[in-house]
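Structure record follows, encoded as structure tokens.
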Amino acid sequence: MIKLKLEFLQQIEAATEPKDLHGLLQKAIELEHSTIPPYLTAMFSLKPGKNREIWGIIHSVVLEEMLHMTIASNILIALGGKPDFIHKAFVPDYPGPLPMNIACEDPNDDTCLTVGLSGYSKTQVHNVFMAIERPESPLEYEVKEVQLDQMILGAEAKVEAPYFATIGAFYEAIKKKLTEMGLDELPGADRPQVIPSKYYSEEDIFQIRTLDDAIRAIDIIVEQGEGTDEGTEGGSPLDPDGELAHYYRFSELYYGRRLVKDKEAPGGYSYSGPVFPFEVDGLWNLQPNTKSADLPPNSEQRRQADQFNFAYKKLLFTLHQAFNGEPDKFDATMGLMYDVKLVGEKLVSMPYPGKVGFNCGPPFEFVSPNS
Amino acid sequence: MSYLNFPRFVFSGDFQADVNTVNNDVRHYYNPAFTEDNWVQAKSGEGGWWNPDGGSTFRLVNCSVKQVCYPDGSKTADADQDPVIGKNVTGPLNESSAKLVDLDPQFQFSSQIWGLTLCIYGNDFELLLSGKVAPSGFKDLQYRNLPPIQNGQPLGASWTSVLYDLEWGEKAGESKILSELKDRSADSGMLSCQLVSFGYYKHIGGERFTLGRLLGTVAPYVDGDPQQFAPARRIIGLKDTEFKFSNSAYKEDQSILTIDLGGSIPLSHPMGTPKDVGNLYIGVAKKPTVRDQLKEVSTDNDLIKKDQIVKIGEIDYKEENWILKTAGISDFVVDGEAEKLIPKHQIVLFTAGDSENYKVLACETRNGLSIRAEDNVKRIDTKSSGSVDFDFKICTYQWGKKLPGAKVTFKRYSAAEFADDPAPCVEPKVPDGIDPKTGEVIQPCTNWPLESVLINGEKNVKISTDENGNANVCISVFNPNNPRGYIDGQIFLIGYMLEGLPMEQQYDLSFMEMWLMDGLIMHVRNAYEEIKEPEWSDISEIMTQYRNLYPLMSRNIIDLSDPKEIAARKKIMLYAFTRDLNDPTYMPVTRDLSEGKRKTIVNWLTTGMKGADKADTMPLAMSKASPLTEGVKQASHKLNIKTKDDFSTS
């Protein structure tokens, strides 16, 4: 699970006015964004026309992570801050810890999260995707007729250490601090925010003007990720819209079956729904954590990787403009996302030079202008 | 003067033109015979030709500013002297890439770049300069590297245009050249821009597939100057294969002669190494006219006595990376005898011949005459009755100055004059599908019915230019009434000729004389009345045609022959089909859809998409189950996108 360094919680605690929270919300934006490249890499590895159900599940999570990133940005704007998408540290180095996360000293430490860019596999789903999305107390459900291929068996170490903060605790602390500050109308309430109402419902994305708005928005982030406390026996895997929280969508992929209501099962749900078909020949075998500089200069692969990074840079730049006073630029991000998709799909179809059986992965590297 | 003027900056690097080639063969537009064999990458003329998966994007790759020339003619390539040197020139970081588009499969010699903006950013992403490039058909196609073993495409081409909607960043002031250009663009609000391309790689599987070399020059634009061609003194090669078209300009106030060989110097390698032609000189002829022929000549006939030419200077083309560093543009101070001659004598490009003679490689047009058209690539929607009229302007010059009273003839080309095989087009008719003898789809004839086009109300016309050397004729275009059957509208070509130029120096649009191509080039669309509440059956043919021609879109984004898929992506479709023509995301990319048809498609999306739920797979189209449908369904449960179940209620 996500384990944030305690110092961030402490910074929230020490804040006395809205601008003291700017840096923390910027980090929250970076954290939400940082989950997207690993999810997209898995999606790219699924060949066009193959494994579409799996693709759809991951895509549905990506759409919500983008929403969370948007919400965090709007909260920052509402507090008078300026989201920054175009500094080098915005994009983490993969493999590595996610923003604000504790770095892993021991790469073999199962309790510590190192995130890399890999093609889809159940290992990646379990070790990375579910780990990213794991709530503090995940709800365990029965798995009926488990898909046997590539399941990772192993004890889940129950982590007790108080030396980190969960993402839930982070957002809870922000809510608490904002309430403490006694704000009603937020200082940046009149500044333009990005409200992509074409793509998300009104319940999920709205102008953040007041403390209540901010709290409601934060709850969306948390509940879509982790589910809610409602329901019997410790909570519900659903978010307030009745959709499965991210952790459980990925569990479905891992166990290979849909999580469905099951009156007879403990907790009221079980992984007994329709099986996820997995087409083994529908996967590109991607070289994990492909870096552009590792590809031979003047090769087609290097050019395609550079083009990918350029398309990605354009997307970040345009988001930056949209969240810095030009929300009408947001529409352009649709076309730019398609560019990233098309370039990425071409890239992953190209063999990785010098490594038989592997293809190039999407590098997702930040490139400054004039480099 | 335009881009040959001072001050200017030069940039260079690579470009990518990921052109789509399924639409290169007009027979692919015939839906009933279309199969996915036409999506297979193959050599030209087969399958989907060499790049069926092309997305039509055009973008600058690793281009950077190499050299600046200040108003006094001094130059530098040192970033310490001017911080804009070394900065990348790219498209905008907040827009999709531009598109490179042919007018029509039956006229591919006037490709335009749509939606291109040139930008220079500082190291912190701050904008220094941006300017939109007005679409302009490429011109001066000429051979650059023969034989094209490495790259496959021996031709290069140029786009002359203007940058408009200029934006200057605060830090632009830190660059002397940008400050100078900003001052000089204050009146017109525009800059001149010349883009030269060569060395395009089309070999399948090659490392530089779809890449080529690009040279760019940006200079002030003066109101009144033409925008889509340089009002230059034209230097024409004696051979068809070397130095075919070069632009040159003489600045009388500074006595500076500028010659641009970036688009014409022959290359030994497509990456830009000039061919060794010996010492290369520029000079001016003593007699008013030098013999000038454009056909292949024997070695004897290109020699001229040395005392007939006054040498002005030598072009340093052998310097390393000369063409990328300078865009192939050289400037010379002209003095002495040359200064007296140059205003009215031919500029000559030559090398050392023998002890008595120079060898002429290229020289100015006869009597310094030249003619060119503005805005010569047109897409016209016609009316069901009556004509659509517009002005077509040409400009004439002599020795680089406007030429009043010049006699210009305009003529309409006939179907047989512009046909791969003239015989079937002597008496053209609408192609009705497949030729029973060959089993092949019948190719339509272009340029008929000729009654669809009139020039000043007549068939052919001769006029004189006004005091500005310009002539406007009124072109009247009538509904051609679907002469090509399975592809909308018709191609009509109007040529223009300037009296006084020999035939070999006139532009000519006859098929295969591609290096002389210039004229008025029109895609005239069938008259089509917008349908306010269309059914799917009203637009299914059009949509299926797009689905067939663009497999990248059909496989990876959306299958336009499947109305259910379109319904699931209605918002994105509406967005794409309602962009401004100059927006890089405008659909259709080829801009070949009449307004009546485009509006009908939009109406279908906004009036309930009638007939989508009843639609069967098109019986004659080779559609297949879309890979996206499942993924789209998964995503749409969370999003505000209507699915099939919803649209019947909207």
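Computed from the coordinates by the stated procedures, all read-outs in this text should not be read as laboratory data. Keep in mind it's a predicted model, so treat the numbers as computed, not measured. FYI the Cβ positions are ideal-geometry reconstructions off the backbone, even for glycines, and counts take in every protein chain you see.
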Separation of the B:Glu458 and A:Val356 label points, Cα + 7 Å toward Cβ, nm:
7.6 nm
Sorting A:Thr290, A:Thr333, B:Thr210 on the 10 Å Cβ count, fewest up front, what's the list?
B:Thr210, A:Thr333, A:Thr290
Specify whether the C-alpha gyration tensor of the protein assembly as shown places it in the rounded, prolate or oblate class, a ≥ b ≥ c being the square roots of the eigenvalues: rounded for a/c under 1.5, otherwise prolate if a/b is larger than b/c and oblate if not.
prolate
B:Lys437/B:Leu303 FRET efficiency (R0 56 Å; Cβ-Cβ; nearest 0.05)
0.60
The stretch B:139-158 versus the stretch B:453-514: alpha-carbon centroid distance in Å
27 Å
Around B:Tyr30, under 12 Å between beta carbons, what's the net of Lys plus Arg minus Asp minus Glu among the other residues?
-3
The stretch A:166-217: C-alpha pair distances exceeding 12 Å, %:
67 percent
For chain B, find the longest principal axis of its Cα atoms and tell me its angle to the long axis of helix B:536-549, 0 to 90°, nearest 10.
50 degrees
Local net charge near A:Lys314, Cβ-Cβ under 10 Å (Lys/Arg +1, Asp/Glu -1)
-1
Compute the FRET efficiency between A:Glu7 and A:Lys82 as 1/(1 + (r/R0)^6), taking r as their Cβ-Cβ distance and R0 = 22 Å, and round to the nearest 0.05.
0.45
Over all directions, average the projected area of the Cα convex hull of chain B and note it in nm².
30.6 nm²
Under 19 Å from the B:Ala186 label point (7 Å along Cα→beta-carbon), backbone N, the stretch B:5-45
B:6-8
Averaging sequence separations of C-alpha pairs under 8 Å and six or more residues apart, then dividing by the length of chain A, give the relative contact order as a whole percent.
22 percent
Hey, what did chain B get for relative contact order, percent, Cα under 8 Å, at least 6 apart?
13 percent
Between A:Glu142 and A:Asp190, what length comes free when the chain is fully extended (0.36 nm per residue of separation minus the Cα-Cα distance, one decimal in nm)?
12.4 nm
Please report, in whole Å³, the volume per residue of the convex hull around the C-alpha atoms of the stretch A:246-309.
125 Å³
In debye, nearest 20: dipole of chain B around its Cα centre with unit charges on the Cβ of K, R (+) and D, E (-)?
300 debye
What shape does chain A take by its C-alpha gyration tensor, where a ≥ b ≥ c are the square roots of the eigenvalues and a/c under 1.5 counts as rounded, a/b above b/c as prolate, and the rest as oblate?
oblate
Contact order normalised by length for the stretch A:284-371, with contacts defined as Cα pairs under 8 Å and 6 or more residues apart; what percent is it?
44 percent
Here the equivalent ellipsoid of the stretch A:205-326, derived from its Cα gyration tensor, has semi-axes (largest first, whole Å) of 37, 28, 9
Over 32 Å between alpha carbons, listed pairs B:Lys359/B:Lys459; B:Lys305/B:Lys325; B:Lys75/B:Lys401
B:Lys359/B:Lys459; B:Lys305/B:Lys325
Qualifying trypsin sites (Lys or Arg not before Pro) in the stretch A:305-371, DSSP loop, other Cβ atoms within 10 Å at most 13:
A:Lys355
Would you calculate the separation in nanometres between label points at B:Lys571 and A:Asp20, each defined as 7 Å from the Cα along the Cα-to-beta-carbon direction?
3.9 nm
List the cysteines in the protein assembly as shown whose Cβ has no other cysteine Cβ under 4.7 Å from it.
A:Cys360, B:Cys63, B:Cys69, B:Cys119, B:Cys193, B:Cys363, B:Cys395, B:Cys474
If we count every other residue with Cβ under 13 angstrom of B:Phe492's Cβ, Lys/Arg +1 and Asp/Glu -1, where does the sum land?
+4
Hey, quick one: spin label on B:Lys614, modelled 7 Å out along Cα-Cβ, who in the stretch B:552-587 has an amide N within reach, i.e. under 20 Å?
B:561-568
Qualifying lysines (Cα of each under 22 Å from Cα of A:Lys19; at least 8 residues distant if same chain):
A:Lys5, A:Lys27, A:Lys82, A:Lys175, A:Lys176, A:Lys177
Longest site-free stretch - chain B; sites: trypsin sites (Lys or Arg not before Pro), DSSP loop, at most 11 other Cβ within 10 Å
B:1-294
Determine the calculated [θ] at 222 nm for chain B from helices alone, applying -39500 (n - 2.57) to every DSSP H run no shorter than 4 residues and normalising by the residue count; nearest 500 deg cm²/dmol.
-3000 deg cm²/dmol
Pairwise label distance in nanometres, A:Lys263 with B:Lys401, each label 7 Å out on the Cα-Cβ vector:
10.0 nm
